[in-house]
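The values are calculated or read from the model by the stated rules, or taken from the named source; none is laboratory data. Computed from a predicted model, the values in this text were never measured in an experiment. Cβ coordinates were reconstructed from backbone atoms using ideal geometry, including for glycine residues, and neighbour counts include every protein chain displayed.
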Amino acid sequence: MRARRRSHVLEKIGLIEALGLLPLDRTAREARIALLGDGQTPKSRFDLSSLRQLQPRYSVPLWLGRAPHGRLVPITNLFNHRQPPPELGWSVRVTDVRDFRGGTNSYDSHNGTDFAVPPGTTVVAAAPATVLRISSEFHRGGRKVFLDHGRGLATSYNHLARFLVRPGQRVARGEPIAISGYSGIDALVGFPWTPPHVHFNVWLNGEYVDPFSCEGSTPALWRTGNAPVPSSDHHDHALEPTAWDERVLDAIVAACEHAPTRAELESAPTTIERAGAALMHLNYFPTRFGSRARALRASLYPTHFAREPRLDLPFARRDYDGVHFPDR
């Protein structure tokens, strides 16, 4: 399929903003943690197998503003169903990998779906939601937006360039929430050979889950099965906001063993922002908490919710029609 150029790619954002490099002192400090670790964060693990992330057939066209598969979004990494324990550190190696199709389109610690899009692409809410959190952690996903969709379901959108929402805001299905980039250490290490993408995380009952469904297993979380498409219903505001348990939040804060993270949790100005911070840190930096706090993740929600098809592709219908699965 002929590649399609998007004239808006780096007209909306500059390269510095796309990569999320500012402020430089914080960027350098967090990059060091990714490479060397600290007292509560194991260093990242990589080897020659990590070179699979270098995909110039996608990265070069995307940085130039072209969509390699036209109106289909390439998925460069799927959720790995055989992830190593987080205590071993974030692994970009490919040693034990299985995606939902039984293939190897992933890497060891990959816990989301990578949608390869040109920087400057509009990112939209996959379902009606309340904005839980906006933040930037250069060593884990760069700039990101966290959404609470109620009924135990939450999503995050990583490697962004610019935020279009604020914590506590209600958003409709398909409403713009951010402009994509490729912020985070991933891009800095692999630029320009790793494809810019939106890393899309899904949590159910506080735990990472794959929105796609393995054959014969539980249903997909996409409303159109394993073939997600953008929403055409931008008037869908239906939402059951989560009733966060303050006592559980207090217990999570008390179990945090990383002083800066604990200070952030304690200073969150609203319950929504405190819950967003707790969910983010428990999942992105679990080793900064005691085992009791990690066990409390599911208790953040008032009940245990089943998988339901509720999500749409997090991009606008004017830009994309569906997804493309590259084979590995």
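Quick notes
- Failed condition for A220, given (1) under 30 Å from L51 (Cβ atoms); (2) assigned to a loop (DSSP other than H, G, I, E, B); (3) at pLDDT 95 or above: (1)
Okay, residues lined up against (1) in contact (Cβ under 8 Å) with a residue 60 or more places away in the chain; (2) β-branched (V, I, T); (3) crowded, with 23+ Cβ neighbours inside 10 Å:
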{"site": "A154", "(1), (2), (3)": "yes, no, yes"}
{"site": "R162", "(1), (2), (3)": "yes, no, no"}
{"site": "Q169", "(1), (2), (3)": "no, no, no"}
{"site": "A178", "(1), (2), (3)": "no, no, yes"}
{"site": "L188", "(1), (2), (3)": "yes, no, no"}
{"site": "P195", "(1), (2), (3)": "yes, no, yes"}
{"site": "E207", "(1), (2), (3)": "yes, no, no"}
{"site": "S217", "(1), (2), (3)": "no, no, no"}
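- Every residue from the range 306-325 that is among the aliphatic types (A, V, I, L, M) and assigned to a loop (DSSP other than H, G, I, E, B): A306, L313, A316
- Take the conditions (1) farther than 21 Å from G142 by Cα; (2) within 21 Å of the chain's Cα centre (by Cα); Y58 misses just one of them, which is (1).
- Taking the range 230-277 as the range and being touching a strand residue (DSSP E or B) at 6+ places or on another chain (Cβ under 6 Å), under 16 Å from R292 (Cα atoms) and not in a loop (DSSP other than H, G, I, E, B) as the test, the residues that pass are C256, R262.
- Here A116 passes the criteria (1) crowded, with 19+ Cβ neighbours inside 10 Å; (2) touching a residue at least 60 places away in the same chain (Cβ under 8 Å); (3) within 28 Å of Y301 (Cβ to Cβ) except the one numbered (3).
- Any hit, the range 297-320, residues being aliphatic (A, V, I, L, M), surrounded by fewer than 18 Cβ atoms within 10 Å (Cβ to Cβ) and in contact with a strand residue (DSSP E or B) (Cβ under 6 Å, 6 or more places away or on another chain): yes
- Counted residues, the range 282-296 - those being among the charged types (D, E, K, R) and either assigned to a loop (DSSP other than H, G, I, E, B) or touching a strand residue (DSSP E or B) at 6+ places or on another chain (Cβ under 8 Å) (or both): 1
- Residue check, V198 more than 25 Å from H69 (Cα to Cα), at pLDDT 95 or above, among the β-branched types (V, I, T) and within 17 Å of the chain's Cα centre (by Cα): no
- Count of residues meeting criterion [outside any loop (DSSP other than H, G, I, E, B) and either surrounded by fewer than 17 Cβ atoms within 10 Å (Cβ to Cβ) or at pLDDT 90 or above (or both)] in the range 8-27: 10
- Matching residues, the range 28-83, being among the small types (G, A, S) and surrounded by 15 or more Cβ atoms within 10 Å (Cβ to Cβ): A31, A34, G37, S44, S49, S50, S59, G65, A67
- Conditions (1) buried (at least 16 other Cβ atoms within 10 Å of the Cβ); (2) in the same structural domain as P85 (by TED's automatic domain parsing): number failed by H237: (1)
- Selection over the range 28-67 of residues that are modelled with pLDDT of 95 or more and either in a strand (DSSP E or B) or under 30 Å from A259 (Cβ atoms) (or both) gives a count of 0.
- Scanning the range 282-296 for residues that are surrounded by fewer than 16 Cβ atoms within 10 Å (Cβ to Cβ) and among the small types (G, A, S) returns G290, S291, A295.
- Members of the range 164-177 that are more than 12 Å from L147 (Cα to Cα) and among the aliphatic types (A, V, I, L, M): L164
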